Each structure stands twice: as structure tokens, then as C-alpha cells.
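The values are calculated or read from the model by the stated rules, or taken from the named source; none is laboratory data. Since the model is a prediction, treat every value here as computed from it, not as a measurement. Positions of Cβ are backbone-derived with ideal geometry, glycine not excepted, and every protein chain shown enters the neighbour counts.
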Amino acid sequence: MLFLIEYDRLRGDIVSIATFSDDKREQVNDARLELELRMRSDAPGREVVVLDAVDEDALRLTHARYFKSAQALLPVAPGLPVAS
């Protein structure tokens, strides 16, 4: 499965996510290019990526930075309080 993700680096949020079957690689690349061209002037601080994973659960494990806050990704040292 292919995932096309538009990510706002400034906010740390996914703006959009679309899924494509593996046989739609050309379509996902066309969609990626269209998003990138539109964002050049309209959306600084955003990135567009195409990722390949078995399913969204696997994607969330391998590319957690798109789904979790920066704080949630930081390791917690024993004895230190966890920020809420």
C-alpha cells in the first residue's frame, strides 16, 4: 500500500493522507508532483512524501514522526516527570 502524506512541519500535523494500492504507483507520483507544485508558493513549511507500507499500522510504527508530537517521540529518562 502506498501513502501520500502532506505534512505541516510548523504545526507538526498531517494536513492530508491518501492511500493508493501498490499498482497505482504512477498515479501516486502524479498526485505528489501536483501537491508539491501547488505548495511551492502557497504552503511554506510543508512537505510531501510517498511512503510504502503493508498497512497504516505499520506506517505508524516506521514513520511515527508524522503521527506523534515531537514530545511524544522523545525518550523519557527514568525518574523524570512525563510532560502532559
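Taken over region 5-59, the criterion of being exposed (fewer than 12 other Cβ atoms within 10 Å of the Cβ) and among the β-branched types (Val, Ile, Thr) is satisfied by 54 alone.
When residues in region 4-31 are screened for being touching a residue at least 40 places away in the same chain (Cβ under 8 Å) and more than 14 Å from residue 51 (Cβ to Cβ), 1 of them pass.
Given the chain, what strands (runs of 3 or more DSSP E) lie entirely inside it while holding 2 or more residues that are under 15 Å from the mean Cα position of the chain (by Cα) and at pLDDT below 85?
On the way: elements: 2-8, 13-20, 46-52.
Passing ranges: none, list empty.
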